[in-house]
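Asker: First, the structure itself, so that you have it in front of you.
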Amino acid sequence: MRPFSIALLLSTILFVTTPLHAQTADPPVAAVKPVELTKHGDTRTDNYFWLRERENPEVIAYLEAENAYFEQETAHLDAFGDALFEEIKGRIKQDDAGVPYRLGDHLYSYRFETGQQYPVYTRRPLDAPDDEAVILDVNALAEGHDFYSARFSQASVSPDGRLLAWAADTTGRRIYTIHFKNLDTGEVLPDVISAVTGNLAWANDSRTLFYSKQNPTTLQWESIHKHTVGTDPADDLLVYREEDNTFSTYVSKTASDKFLLIGSSQTLATEYRVLDADDPDGAWRVVQPRERDHEYHVDHLGDHFYIRTNRDADEGKAENYRLVRAAEDAMSMDAWEEVIPHRADVLLEGIDLFDDFLVLSEREDGLTKLRIRPWANPDTEHYVAFDDPAYVVYASQNPNPDTGTLRFVYESPTTPETTYDYDMASRERTLLKQEAVLGGFASGDYRAERLWAPARDGKRVPVTLVYRADRFEQNGTNPLLLYGYGSYGSTIDPGFSSTRLSLLDRGFVFAIAHIRGSQTLGRAWYEDGKLLTKKNTFTDFIDVAEHLAAEGYGDDERLYALGGSAGGLLMGAVMNMRPDLFHGIVAKVPWVDVITTMLDDTIPLTTSEYDEWGNPNDKTYYNYMLSYSPYDNVTAQDYPHTLITTGLHDSQVQYWEPAKWTAKLRALKTDQNKLYLHTDMEAGHGGASGRFDRYRETARDYAFLLDLAGRANTNPN
């Protein structure tokens, strides 16, 4: 074992445990092997530290025993789970296709074929739209693999349209291999670049590819390399190495296709380098040197760089960002010209650049908006109008700046994903596609609400609710599932989910708590839910649940909670703080061993997240993180029914965190409630890769919740 910058005193005492047999009705009991972890003069005993030994047969045996126990204990739900899976799958249009988009001389799209798990990517010449060519059949590529994820985007195709570069992950650990294909001949080229991130960008010569590689241990995106098609990848040149292990580096291209970008970013700072895409062997230039607390993002069109920055003109803070521009030969901050000023009540989330229009993606009062601003007449700007009380809208694929048409996607809790083309001059929108939902779905059967829940410190927390109108009464009789995340500034928007209908049709209310730690109400909402204010995330979630029950939206005896990854941290913290509040909890790939993980700089994400959680090498942060770390705060008390899931190959949250948490809960909890751990032995952080297989996991989770709520009926009608 590698030290965590703390003393590890391995005990020689091994307690005899119950044998792990799949046929026993008793839950598995992990061996207790105490390890003392010392930091800042504080010594903690970790009885299950040994579960991090991935290659230890005893570890695999424990995980498999937990799986066997879960399968045995939930065997009575097998038929219902299968029915749920078929119900969810039955809403999916199997022979579906994407909306084509123009790139160069072709229209690109994808389709799914009946019974197939993966997409088939296609293209058609603009001058021969009936002449379809398959450029990548992921189903064929996935044959023989239990897991297969292919990264394909408009960046995958070379500027001349002749070559395709795609990245494949066959383990779920997000370690990719780049392959190349000649689209004129169909030949797969011998160039194979292994152990990369999957992030790539073409130079304009259509033979030079830039890509990023990760550190093999920490998986930090640490370097940019250059490959010339037809040469040995072993000879690829290192272009840039990120020496600061709190930063990650990546490569991209501007909207104009004129420049390549190397970005380096961490929680509180970014830095960009630019290179003329016509000169792949040229020298990179820094846009603005990195400074702590300065985050900026770069694009280009015409003869200007457009920079979204959180630095104000007087070098003060523009926490919700403003937009500036700079000439190509004068990129430094003192030459920046303001385009859109900072606004305290509106978060500028992104921009899309067109020859005649600027499109701003904004968030105001928690809702996303599209602001259309003509370059020639900015006073005639307007917002695209929407009527739902809760929704999400975002710019979609817009690779061609020389158009007056914006493609965007709109959805709400009651409206399936809908793609429009929007004429930015006439303000007319053209419906291109709405996601088909089979099985008799009617949007009017469901109702969404947006309300505000009071937090204990006086703040108001936005909440989105959706339910089936004819199966809901605001009298506290409906089971309610509350979802939350609340970290990294990541905002959970109120989109549509066809899988969720299986809950709503059985009388569940589904709610999203837009808690602090997200950017729902702007950057300040994020800042007030991280570092030494992280507990606001947890108390917000508790306060929302209590408010919804008090207002009659949910039965206070049948409240349930769901969260994954950092949302699993939320689940664990809430369980410790208010174990009586929820009847059942699903914690998916939960990050729960906060202190031990953040003290180990060999684990992926650790060093890059010191500014999110705090650096526990500082005693102030150590003490605060220790006070909420779910694993460290498990105590002898009653806990709700709990389903915990993980993946053996998870690169984001290592499998041993949920495994250790489960073992400790088993040892200390004082109730007889259900506690299950399910480990996917073939997948990683995102679960199964196939479009149908992933819904088996959803059906499993829903069956667990519906059984607890007394709604495990195969016919929701």
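Asker: I'm trying to understand the selection: among the residues of region 610-632, which are outside any helix (DSSP H, G or I), over 23 Å from R292 (Cα atoms) and in contact (Cβ under 8 Å) with a residue 60 or more places away in the chain?
Answerer: Selection gives P630, D632.
To keep it simple, each residue is scored yes or no on (1) closer than 16 Å to I585 by Cβ; (2) in contact with a His (Cβ under 8 Å, 6 or more places away or on another chain); (3) not in a loop (DSSP other than H, G, I, E, B).
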{"residue": "Q637", "(1), (2), (3)": "yes, no, no"}
{"residue": "T642", "(1), (2), (3)": "yes, no, yes"}
{"residue": "V653", "(1), (2), (3)": "no, yes, no"}
{"residue": "P658", "(1), (2), (3)": "yes, no, yes"}
{"residue": "Y702", "(1), (2), (3)": "yes, no, yes"}
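Asker: Mind listing whichever residues of region 350-382 are among the acidic types (D, E) and surrounded by 18 or more Cβ atoms within 10 Å (Cβ to Cβ)?
Answerer: Correct list: D352, E362.
Asker: Here is a follow-up. Could you please find all residues in region 45-65 being surrounded by 17 or more Cβ atoms within 10 Å (Cβ to Cβ) and farther than 20 Å from T602 by Cα?
Answerer: Residues satisfying the conditions are N47, V59, Y62, L63, A65.
Asker: Okay, moving on. Answer yes or no: is there a residue in region 623-638 that is modelled with pLDDT under 95, acidic (D, E), within 26 Å of N245 (Cβ to Cβ) and crowded, with 18+ Cβ neighbours inside 10 Å.
Answerer: Checking region 623-638: not a single residue is modelled with pLDDT under 95, acidic (D, E), within 26 Å of N245 (Cβ to Cβ) and crowded, with 18+ Cβ neighbours inside 10 Å.
Asker: Anything in region 213-227 that is part of a strand (DSSP E or B), among the polar types (S, T, N, Q) and under 15 Å from S651 (Cβ atoms)? List them, or say none.
Answerer: Scanning region 213-227 gives a single hit, Q214.
Asker: Just a yes or no: is a residue in region 169-179 at pLDDT 95 or above, polar (S, T, N, Q), surrounded by fewer than 18 Cβ atoms within 10 Å (Cβ to Cβ) and outside any strand (DSSP E or B)?
Answerer: Checked against the condition, which is being at pLDDT 95 or above, polar (S, T, N, Q), surrounded by fewer than 18 Cβ atoms within 10 Å (Cβ to Cβ) and outside any strand (DSSP E or B), region 169-179 yields no hits at all.
Asker: Would you please name the residue that is farthest from Y655 (Cα to Cα), looking only at residues in region 118-168 that are of a type in the set (D, E) and part of a loop (DSSP other than H, G, I, E, B)?
Answerer: D127
Asker: Quick one: in region 83-128, which of the residues that are within 25 Å of the chain's Cα centre (by Cα), surrounded by fewer than 16 Cβ atoms within 10 Å (Cβ to Cβ) and basic (K, R) is farthest from S149 (Cα to Cα)?
Answerer: So, considering only residues that are within 25 Å of the chain's Cα centre (by Cα), surrounded by fewer than 16 Cβ atoms within 10 Å (Cβ to Cβ) and basic (K, R), the one farthest from S149 (Cα to Cα) is K93.
Asker: Next question, about the same structure. For region 208-254, what are the residues that are farther than 15 Å from G282 by Cα and of a type in the set (D, E, K, R)?
Answerer: Listed by number, the residues that qualify are K213, E222, D232, D235, D236, R241, E242, E243, D244, K253.
Asker: Return the residue satisfying two criteria in turn: it lies in region 228-240 and is part of a strand (DSSP E or B) and in contact (Cβ under 8 Å) with a residue 24 or more places away in the chain, and of such residues it is farthest from the chain's Cα centre (by Cα).
Answerer: Here the residue is V239.
Asker: Determine if region 313-331 includes at least one residue that is touching a Lys or Arg at 6+ places or on another chain (Cβ under 6 Å), among the aromatic types (F, W, Y), under 30 Å from L237 (Cα atoms) and crowded, with 20+ Cβ neighbours inside 10 Å.
Answerer: no
Asker: Another one. Considering (1) crowded, with 20+ Cβ neighbours inside 10 Å; (2) touching a helix residue (DSSP H, G or I) at 6+ places or on another chain (Cβ under 9 Å); (3) closer than 24 Å to S361 by Cα; (4) not β-branched (V, I, T), say which one S490 fails and leave the rest.
Answerer: (1)
Asker: Do we find a residue being more than 19 Å from the chain's Cα centre (by Cα), in a loop (DSSP other than H, G, I, E, B) and of a type in the set (A, V, I, L, M) anywhere in region 526-548?
Answerer: no
Asker: Just give me the residues in region 198-212 being in a loop (DSSP other than H, G, I, E, B) and in contact with a Phe, Trp or Tyr (Cβ under 8 Å, 6 or more places away or on another chain), in sequence order.
Answerer: If the condition is that a residue be in a loop (DSSP other than H, G, I, E, B) and in contact with a Phe, Trp or Tyr (Cβ under 8 Å, 6 or more places away or on another chain), then G198, N199, A203 are the ones that fit.
Asker: When you look at L200, is it in contact with a strand residue (DSSP E or B) (Cβ under 8 Å, 6 or more places away or on another chain) and either within 30 Å of H649 (Cβ to Cβ) or aromatic (F, W, Y) (or both), yes or no?
Answerer: Against the criterion (in contact with a strand residue (DSSP E or B) (Cβ under 8 Å, 6 or more places away or on another chain) and either within 30 Å of H649 (Cβ to Cβ) or aromatic (F, W, Y) (or both)), L200 qualifies.
Asker: Does R471 satisfy the condition of being under 28 Å from Y110 (Cα atoms), among the charged types (D, E, K, R) and surrounded by 13 or more Cβ atoms within 10 Å (Cβ to Cβ)?
Answerer: So R471 fails the test.
The values are calculated or read from the model by the stated rules, or taken from the named source; none is laboratory data. Keep in mind the model is a prediction, meaning the values are calculated, not measured. When we count neighbours, we look across all protein chains shown, and the Cβ atoms used for this are built from the backbone with ideal geometry, even at glycine.
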